[in-house]
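The values are calculated or read from the model by the stated rules, or taken from the named source; none is laboratory data. Model, not experiment: these values are computed from the prediction. Here the Cβ is made from the backbone with ideal geometry for all residues, glycine too, and neighbour counts use every protein chain on show. Ligands, DNA and RNA are stripped out before the accessible areas are found, and what is left, the full protein with its side chains, is counted by its heavy atoms. Shrake-Rupley method; radii C 1.70, N 1.55, O 1.52, S 1.80 Å.
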Amino acid sequence: MNESKGQSLDIDRLSKHKRIPGPIIWLLLPAILYMVLLLILPGQRLDLELEQAQPLGVEWYVAGPDKDGQPVSLPAYLTWPAGKPLAIQTSLPPAFKDQQTLLIRSSLQTISVLLDGAVIHSYDRLTQEWPRSPLASSWHMVRIPSHSDGKSLEIVVTSPYESMSGRINEIHYGNKASLMYWLATIYGPGLFLSLLQILVGVTLLVVSFFMPSKSRRSISALGAFAVLMGTWFLAESRMMQFFLPNDLIIGSLAYVSLTLCPIPFLILVSDTVLPEYRVLTNRLIILFSIFSILIQLFQILGWADFFTTVLYTNLVIALVMSLILVLMVKGWLSSKSKEIARFLIAFSILAFFGFLEFANFLRSDFTETAVFLRLGFIAFLLVLAFQSLRNARQIMLQNQAALIYEKMAFEDILTGLGNRAAFERDTAGFKMNAKTDLSVRLVSMDLNNLKWINDQKGHAAGDEAIRLASHCLKQYFAPLGRCYRLGGDEFACLIQPDQPEVFHQNLEQFQTQIKTISKAVDYPFSIAIGSAVFPTERTDSFHEFLIQVDQLMYQDKQKKPVL
C-alpha cells in the first residue's frame, strides 16, 4: 500500500515537472500545422523579374596632358595630387542604345559627368574658407539618354585630400529599380544592423527609467552608447543618403558621433567596474566633449576639415581605450572580481575589432569602413546588455527584500496596521521638539475584554476581535491619517487636526459600527476611546500629552462594561 502510494506521488511529481502551459500549446499547434503544410504542399517561385545592374566594365583612359591615354580599370586607386581634377574617358557600349542610368559613388570628391563634352551631371560643394561645409561621399544616379552608344563618356573627380584624389569607384548601370535593388542587396544588411542597434539603444534608454536608481545610470549609459555607435554605423552604411538626402548631415554625422561615442562608454565603465577612477573618467569625458566641439569649430572656420581631424580622433580613442584596458586588467588582478572579468572580456572583444578598424583606416582602405567595429560592437553589446539587465534584476530583488524587511519591521502582521515601532518613528519629531509649530490629533483606543475573549472563546476569537477593530480603524480613521496597533489590545491613530468636523463625524460612524459588530458576535465587543490635539496648554511635552490622552481613554473605558 505504501509502495503504491509512493509510486503515485512520483507520477504526480513527474507529471508536474516541465509541464507546458495550456496557452503555449494553443500557440504551438497552428504554428506546427503551418510548417507541415509548407513541407507538404508544392510552392511556385515568384521572383521579381528585375533587370540586373551591370558594372560598366569597359576600357577607361585617363584624360589630360599628364597621363593622357593611360588605361585604367575600375575601381582605380591612382597616385594623384590633392585638389587636381582627375578625368577618365570611355566610349559607351551598345547597351546604351537604350536609355540607361549610371550609378557612381564619389568619395569625398566633387564630380562632373560629361557626355560628348556636354555636362549632364555635377556635384560641386563650395569650399569657401569660412564657413566651410564638409564634403560628403555620396551616390549619383545619372540618366543617359537613348542612342548614346559609341558616345564619349567623361567623368571628372576632384578631392582636396590626397588619399581620395586618385580614387575612382566602380560604376554600375541599368534602370533605377535594378540599381536600387543592387544597393539594397550590397548595403542593406549594414543599414538594417545600424537601425537595429539604434533601436536596441533606445529600448535600453526607455527601460532604464523603470530600473532601480543604482542601475539606471549604467543602463542608460549603455543605451546611449548603443545609439551613438548605431548612428556612426548608419553614417558609414552608405545608405543614409536615401532617407536623409542632406550632404551636410552625410558629411558630418560620422565624425561627430565618433567623438561622442566614448562619453557614455566612460560613464558605463566608471559606474560598473572602475568607480575608484571616477575623477579620471570624468576628466576624459570632458576631454572628448571639448574635442568634439573643437573639430566642429575647426571645420566651420576652415582650419581643419573633419577628414583631417579624424586621424587624431582615432588616435585619442585608441589611447584612452588602451588606458581603460590597462586599468581594468589592474583592477581584476587586485580584486579577481567576476564583474570586472565579464566586462573585460566584452571590452577586449570590442578593443580587438576596434584596433582592426584603426589599422584598416591607417591603410587608407575606406571601402569597408566600420565592418570590423560593427562585429565587435554587436558582441560587446550583447554581453554588456545581458550583464546590466542581470545586475538590475539582482538590485530589484534586493530592493524588494529590503521593502519586505522594512514592512515587517514597521507593520503589524495580524492587522496590517503600523506597529509600535512605526508609531515611535512617526512621533519622534514631537518628542524631540515639544515647541514645534506642527500639530496632530492623537486617538488612543483599547479593545475591551480581550483577555476574557481569549480565555473564554479561544485565541481565534480574540484574533477575530482584533481584526474587526482594525478594520473599523482602517475604514473611518485611516483616510484621515495613520493607524497603529501598539500591541495586544492597544490601538492609536495620528490624524491631522485641521478638519475637526470630519473627525467627529467619522468618530460617530465608527462608534455606530462598533455597536453593530457587538450585536453580531457572541462575545462582548467594545472599544474605549480617548482623543486630544497636540500641543495643548496643559502639557509641556509629548510624553505628558500621551499620558493625558491615555487618561481620557481610561475614563471612557470606565463607562463600558468590562469583564
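It is to be established whether one or more residues within region 251-270 are of a type in the set (S, T, N, Q) and farther than 20 Å from F377 by Cα. Among the residues of region 251-270, at least one is of a type in the set (S, T, N, Q) and farther than 20 Å from F377 by Cα, which makes the answer yes.
Do any strands (runs of 3 or more DSSP E) entirely within region 427-504 hold 1 or more residues that are at positive phi and either open to solvent by less than 80 Å² (accessible area, probe 1.4 Å) or among the hydroxyl-bearing types (S, T, Y) (or both), and if so, which?
Details: elements: 440-447, 481-487, 490-495.
Ranges flagged: 481-487.
Just one of (1) open to solvent by 50 Å² or more (accessible area, probe 1.4 Å); (2) small (G, A, S); (3) within 54 Å of the chain's Cα centre (by Cα) fails for A520. It is (3). For region 232-249, the set of residues classified as in contact with a Ser or Thr (Cβ under 8 Å, 6 or more places away or on another chain) and either part of a helix (DSSP H, G or I) or of a type in the set (S, T, Y) (or both) consists of W232, F233, L234, A235, S237, Q241, D247, L248, listed by residue number. In this structure, S163 does not satisfy being in contact with a Gly (Cβ under 7 Å, 6 or more places away or on another chain) and at pLDDT below 90. Exactly one residue out of L78, L103, L115, L74 is under 13 Å from K151 (Cα atoms), open to solvent by less than 70 Å² (accessible area, probe 1.4 Å) and among the hydrophobic types (A, V, I, L, M, F, W, C), and it is L115. Just one of (1) open to solvent by 30 Å² or more (accessible area, probe 1.4 Å); (2) assigned to a helix (DSSP H, G or I) fails for F545. It is (1).
Being open to solvent by 10 Å² or more (accessible area, probe 1.4 Å), among the basic types (K, R) and not in a helix (DSSP H, G or I) is a description that does not apply to R216.
Applying the set (1) open to solvent by 50 Å² or more (accessible area, probe 1.4 Å); (2) over 20 Å from the mean Cα position of the chain (by Cα) to L183 leaves exactly one unmet item: (1). Please tell me if I88 is crowded, with 18+ Cβ neighbours inside 10 Å, of a type in the set (A, V, I, L, M, F, W, C) and within 46 Å of the chain's Cα centre (by Cα). So I88 does not fit the description; no.
Conditions tested, residue by residue: (1) surrounded by fewer than 23 Cβ atoms within 10 Å (Cβ to Cβ); (2) assigned to a helix (DSSP H, G or I); (3) free of Cβ contacts under 8 Å to residues at least 40 places away in the same chain.
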{"position": "L222", "(1), (2), (3)": "no, yes, no"}
{"position": "G230", "(1), (2), (3)": "no, yes, yes"}
{"position": "G251", "(1), (2), (3)": "yes, yes, no"}
{"position": "N282", "(1), (2), (3)": "yes, yes, yes"}
{"position": "S292", "(1), (2), (3)": "yes, yes, yes"}
{"position": "Q296", "(1), (2), (3)": "yes, yes, no"}
{"position": "I300", "(1), (2), (3)": "yes, yes, no"}
{"position": "Y312", "(1), (2), (3)": "yes, yes, yes"}
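Answer with yes or no whether G174 is open to solvent by less than 20 Å² (accessible area, probe 1.4 Å) and more than 21 Å from V142 (Cβ to Cβ). Here the answer is no, as G174 does not meet what is asked. If only residues of region 130-145 that are aliphatic (A, V, I, L, M) and in a strand (DSSP E or B) are counted, the one that is most open to solvent (accessible area, probe 1.4 Å) is M141. Can you find a residue in region 478-498 that is farther than 22 Å from E424 by Cα, under 57 Å from the mean Cα position of the chain (by Cα) and of a type outside the set (A, V, I, L, M, F, W, C)? Checking region 478-498: at least one residue is farther than 22 Å from E424 by Cα, under 57 Å from the mean Cα position of the chain (by Cα) and of a type outside the set (A, V, I, L, M, F, W, C). I need the full set of residues from region 146-167 which are open to solvent by 10 Å² or more (accessible area, probe 1.4 Å) and in contact with a strand residue (DSSP E or B) (Cβ under 8 Å, 6 or more places away or on another chain), in order please. Matches in region 146-167: G150, K151, S152, E154, V156, T158, R167. With respect to the stated conditions, L193 is among the aliphatic types (A, V, I, L, M), in a helix (DSSP H, G or I) and in contact with a Lys or Arg (Cβ under 7 Å, 6 or more places away or on another chain).
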